[in-house]
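Single-structure report; data block below.
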Amino acid sequence: MNKFNHLLRIALLVIVLFNSLACHREEELNKKLVYISEEYLKGEKIVLGKQLQNPYSVENMKKALNNLLRNARFAEELEINTTHLYVRFLPSDTTQTIQLEDDTTLVLFDHPLLYEIEVMGQWYHDPKLDGQAFTWLYTVVPVDYEFPAIKYEVLDEVFMMDEENDDAPNRMLYDVWDALEYESLRITNNLDEESLLNGRSASRWNPSGRIQVEERTGFGTGVDRGDVPVRYCKVRARKLLKWGSANTSVTNGQFRISKRFRGEVNYSIEVETAGHKVTDWKGFSINLNGPKRRGAWNWNIPFGNESVAWNSTTILNAIYHFRTQASRHRLKLPGVLVTAKIRPILRSGRSNALGVARHIPISPTFNVLRNDVKIYTRFDNGNRLLTDDLYEVTMHELAHVSHFLKSPANAILSIGIEGESWATAVEYYFTLPYYPAQVNGLIDEDRPGIECCGDDSWKYTPYFIDLIDNSNQRNDNNGNLDFADDDVEGYTLEQIQGALDRRTTLSGVATHLRNNYINSTESRLTAVTSFYNDIREDN
């Protein structure tokens with residue numbers, strides 16, 4: 001009990017320290033933030049054209065209904081009342097942006113929705129807010145939506161049928177809604193030439209297509225392995241204030257949106273999947289705007305290390321495969337109320353998962369850390385990370401996120417050799433099914449190799465790999481004492497995760513494994529654990 005209380009006091013001290021640093025960083029950040037980050041500016045800016053009338057406004061819907069009644073196309077009058085609101089939010093700080101992002105009922109756009117778009121870029125910032133960090137965010141919400149304590153404006157009252165929910169209170173016969181929507185689109189000049197020419201006989205259609213990304217591997221040689229599906233990624237189609245979405249297939253990257261549209265739609269991708277999002281500098285899912293068209297959208301995203309599209313969708317594929325392996329090995333994944341956020345940064349740097357501290361439910365100032373993981377897309381020597389590189393680093397950093405979500409206090413207390421060796425084991429076993437050549441060097445490392453690179457390279461050991469695999473490094477290297485005598489095998493990642501959930505040292509993990517699992521090699525745990533403890537003691 002005394003040991004537990006001691007660990008608890010340490011954990012609380014660390015949390016208080018994180019909170020203090022977060023408060024200080026919040027103050028400094030809000031003083032120094034520029035309105036767009038360096039990486040964000042690398043994408044092309046959206047250029048707006050002329051403003052459009054709103055066919056879904058209550059006023060225009062009533063006009064459309066009167067036209068239909070006057071021409072005897074409706075037998076009885078309908079009641080048209082406000083069902084939705086076209087609104088915009090203006091967050092004042094990073095905490096409010098996270099609050100909006102975490103509201104799963106909202107679909108947010110950084111540009112107004114009732115304008116023609118002359119240039120379909122990747123970002124927009126209201127020119128009236130130049131010099132400010134944040135811009136207006138636009139969406140449509142139900143009329144009974146409970147607004148958070150964030151600045152907002154109601155731009156228009158809307159009447160719109162929920163086409164995908166048979167139990168919606170504003171449900172009507174589809175043919176009735178079809179006629180009403182068409183007439184309102186017509187009188188507000190929002191129909192394309194085909195629909196005007198053919199009237200309502202111009203068929204509605206379902207947006208569809210296929211999204212793929214070029215795969216590049218080969219330890220920097222740039223070997224092109226062709227296009228692979230972008231797996232389980234959200235694709236959206238929008239026309240004015242109406243939109244629908246669907247996830248791409250994990251087998252071929254194809255998608256089909258159930259909501260039907262007239263004329264052209266604006267396609268876009270939200271780079272997110274179940275429980276994980278690839279995010280920008282503010283913590284919002286990266287949005288990749290596509291074409292405006294009537295017809296399928298097939299996009300093969302080409303390789304480019306300065307490309308937000310290539311890096312973010314490649315990381316998303318790695319996330320999908322992390323989730324696949326985590327489910328197979330029964331490791332902790334984000335739940336319904338938790339989303340892990342991963343930010344690609346298009347320059348050299350050291351990737352990290354320091355932002356997991358934002359999940360500590362102590363103070364909203366932790367949200368200033370915004371993203372759980374930062375992945376730098378260039379090595380320190382300037383070389384570009386290829387597909388297999390991004391897979392490896394994503395698996396490693398998401399292992400830290402998993403550890404933290406499973407046991408936050410223990411993860412903080414295990415930030416040394418224990419935490420990094422755990423992430424190295426997950427990195428190895430989760431990357432192995434996809435890019436075995438990328439991680440072959442992780443399984444057999446001698447002490448000089450582990451301690452080779454100064455700083456904290458000594459933390460990244462194959463200790464937990466040694467507890468699982470069936471080889472002995474020392475025997476395989478002719479008795480070389482620089483290799484661990486790891487004559488232990490047969491433990492699983494799930495068992496090791498359970499041990500790390502309760503212990504914070506290598507010796508503690510070994511004791512937990514010995515006391516809780518039957519393993520024929522458990523008597524040899526002491527030897528391999530002592531080898532890596534010696535490395536820790538000497539560093």
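I'd like to know if the range 284-291 contains one or more residues that are farther than 29 Å from Asp372 by Cα and either assigned to a loop (DSSP other than H, G, I, E, B) or touching a residue at least 40 places away in the same chain (Cβ under 8 Å) (or both). The answer is yes; a qualifying residue exists.
Those helices (runs of 4 or more DSSP H) of the range 385-454 in which at least 3 residues are modelled with pLDDT of 95 or more and touching a helix residue (DSSP H, G or I) at 6+ places or on another chain (Cβ under 6 Å), considering only elements entirely within it, cover 387-406, 417-431.
Selection over the range 264-279 of residues that are among the β-branched types (Val, Ile, Thr) and either free of Cβ contacts under 8 Å to residues at least 12 places away in the same chain or not in a strand (DSSP E or B) (or both) gives a count of 1. None of Tyr86, Tyr124, Tyr115 is surrounded by 14 or more Cβ atoms within 10 Å (Cβ to Cβ), of a type outside the set (A, V, I, L, M, F, W, C) and in contact with a His (Cβ under 8 Å, 6 or more places away or on another chain) except Tyr124. Scanning the range 329-350 for residues that are surrounded by 19 or more Cβ atoms within 10 Å (Cβ to Cβ) and in a loop (DSSP other than H, G, I, E, B) yields Leu331, Leu333, Pro334, Thr339.
Results for (1) in the same structural domain as Thr313 (by TED's automatic domain parsing); (2) out of contact with any His (no Cβ under 6 Å at 6 or more places or on another chain); (3) charged (D, E, K, R), shown as yes or no for each residue.
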residue: Asp380; (1), (2), (3): yes, yes, yes
residue: Thr394; (1), (2), (3): yes, yes, no
residue: Ile417; (1), (2), (3): no, yes, no
residue: Val426; (1), (2), (3): no, yes, no
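Among residues of the range 483-519 being among the aliphatic types (A, V, I, L, M) and not in a loop (DSSP other than H, G, I, E, B), the one that is nearest to the chain's Cα centre (by Cα) is Leu493. Any residue at all in the range 514-524 that is modelled with pLDDT under 95 and surrounded by 19 or more Cβ atoms within 10 Å (Cβ to Cβ)? Taking every residue of the range 514-524 in turn, none turns out to be modelled with pLDDT under 95 and surrounded by 19 or more Cβ atoms within 10 Å (Cβ to Cβ). Out of the residues in the range 440-492 that are free of Cβ contacts under 8 Å to residues at least 24 places away in the same chain and polar (S, T, N, Q), which is surrounded by the fewest Cβ atoms within 10 Å (Cβ to Cβ)? It comes out as Asn478.
Candidates are the residues of the range 207-231 that are in a loop (DSSP other than H, G, I, E, B) and at pLDDT below 95; the one that is surrounded by the fewest Cβ atoms within 10 Å (Cβ to Cβ) is Thr221. Within the range 66-82, none of the residues are touching a strand residue (DSSP E or B) at 6+ places or on another chain (Cβ under 9 Å), modelled with pLDDT under 90 and among the polar types (S, T, N, Q). When Ser285 is tested against (1) out of contact with any helix residue (DSSP H, G or I) (no Cβ under 8 Å at 6 or more places or on another chain); (2) closer than 27 Å to Thr97 by Cβ, exactly one condition is not met: (1).
Screening Trp177 against (1) of a type in the set (Phe, Trp, Tyr); (2) modelled with pLDDT under 90; (3) part of a strand (DSSP E or B) leaves a single unmet condition, (3). Selection of the range 246-263 for residues being modelled with pLDDT under 95 and either under 18 Å from Asp110 (Cα atoms) or in a strand (DSSP E or B) (or both) yields only Phe261.
You will find that of Asn305, Asn300, the residue that is surrounded by fewer than 18 Cβ atoms within 10 Å (Cβ to Cβ) and at pLDDT 95 or above is Asn300 and no other.
Within the range 180-206, restricting attention to residues that are surrounded by fewer than 13 Cβ atoms within 10 Å (Cβ to Cβ) and either polar (S, T, N, Q) or closer than 26 Å to Glu77 by Cα (or both), which residue is modelled with the highest pLDDT? It would help to see each step written out before you state the result.
Initially, the range 180-206 is screened for residues surrounded by fewer than 13 Cβ atoms within 10 Å (Cβ to Cβ), giving 189, 193, 197-199, 201, 203.
Narrowing the set further to residues that are either polar (S, T, N, Q) or closer than 26 Å to Glu77 by Cα (or both) leaves 189, 198-199, 201, 203.
Numbers: Asn189: 93, Asn198: 62, Gly199: 61, Ser201: 54, Ser203: 75.
For the range 180-206, the residue satisfying everything is Asn189.
When the range 530-539 is limited to residues that are out of contact with any Ser or Thr (no Cβ under 6 Å at 6 or more places or on another chain) and part of a helix (DSSP H, G or I), the one that is farthest from Ser471 (Cα to Cα) turns out to be Glu537. Is it the case, given these coordinates, that Arg370 is buried (at least 18 other Cβ atoms within 10 Å of the Cβ) and modelled with pLDDT under 90? The answer is yes for Arg370.
The values are calculated or read from the model by the stated rules, or taken from the named source; none is laboratory data. These figures come from a predicted structure and were not determined experimentally. Because the Cβ atoms are built from the backbone with ideal geometry, glycine has one as well, and the counts that use them run over all protein chains shown.
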